[in-house]
Amino acid sequence: MRYYLSNPPLPLQLAECADGQSTLDALQDFKPDILFLDIKMPELSGIEVLQNKQQTSLPAVIFTTAYDEYALPAFELEAVDYLLKPFEKERFDKALRRAMDYVAFTKTKRENNFLSHLPGKTGSRTDLIPVNEIQYFQA
């Protein structure tokens, strides 16, 4: 994975964890946007890491594992993708793109919490009115 992330180099900060507990600590300390997670790790499994997370919003999680039987629980915990080892660069890139799209979407969603347009009816016609053009409401 390190090789795939460095060829071509991507503008990412990388951190590695040796076990499930240090992964939980890193999630709390660094709040990463994307998390590559294995299933079988010392101390806590990848599934247990997600079940025991402290933060309310998860990063985009991509499982990278040799065990296909954990795919359903992974997706139930909102994994973005599930890569079965060994995987090719093309498949890795697809999963990474999916995760990056997810991150971009969630950041945009958080930044744009307000409506930009409201529907307004005139007779049988409905127009979308830009909120910044509305001067008052009358009922």
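The values are calculated or read from the model by the stated rules, or taken from the named source; none is laboratory data. On a predicted model such as this, the values are computed, not experimentally measured, just so you know. Backbone-built Cβ (ideal geometry, glycine too); neighbour counts: all protein chains shown. Calculation scope for accessible area: heavy atoms of the full protein, side chains included, ligands and nucleic acids excluded. Shrake-Rupley method; radii C 1.70, N 1.55, O 1.52, S 1.80 Å.
Tell me which residues, restricted to the range 80-97, are within 12 Å of the chain's Cα centre (by Cα) and either touching a residue at least 24 places away in the same chain (Cβ under 8 Å) or surrounded by 16 or more Cβ atoms within 10 Å (Cβ to Cβ) (or both).
Across the range 80-97, the qualifying residues are V80, D81, A95, L96.
Where in the range 39-129 are the helices (runs of 4 or more DSSP H), entirely inside, with at least 2 residues that are over 20 Å from G20 (Cβ atoms)? Steps first, answer last, please.
On the way: elements: 46-51, 71-76, 89-111.
In the range 39-129, the matching helices (runs of 4 or more DSSP H) lie at 89-111.
Would you mind stating whether L5 is closer than 19 Å to D101 by Cα, part of a helix (DSSP H, G or I) and not small (G, A, S)?
Working: closer than 19 Å to D101 by Cα: yes; part of a helix (DSSP H, G or I): yes; not small (G, A, S): yes.
Criteria met by L5.
I need the full set of residues from the range 20-51 which are open to solvent by less than 20 Å² (accessible area, probe 1.4 Å) and among the polar types (S, T, N, Q), in order please.
Within the range 20-51, just T23 meets the criteria.
Any residue at all in the range 68-79 that is more than 18 Å from L10 (Cα to Cα), at pLDDT below 95 and either β-branched (V, I, T) or open to solvent by less than 20 Å² (accessible area, probe 1.4 Å) (or both)?
The answer is yes, given that some residue of the range 68-79 is more than 18 Å from L10 (Cα to Cα), at pLDDT below 95 and either β-branched (V, I, T) or open to solvent by less than 20 Å² (accessible area, probe 1.4 Å) (or both).
Checking A95 against (1) of a type in the set (A, V, I, L, M); (2) farther than 22 Å from M1 by Cβ; (3) in contact with a Ser or Thr (Cβ under 9 Å, 6 or more places away or on another chain): exactly one of these is not met. Which one?
Going through (1) of a type in the set (A, V, I, L, M); (2) farther than 22 Å from M1 by Cβ; (3) in contact with a Ser or Thr (Cβ under 9 Å, 6 or more places away or on another chain) one by one, A95 breaks only (2).
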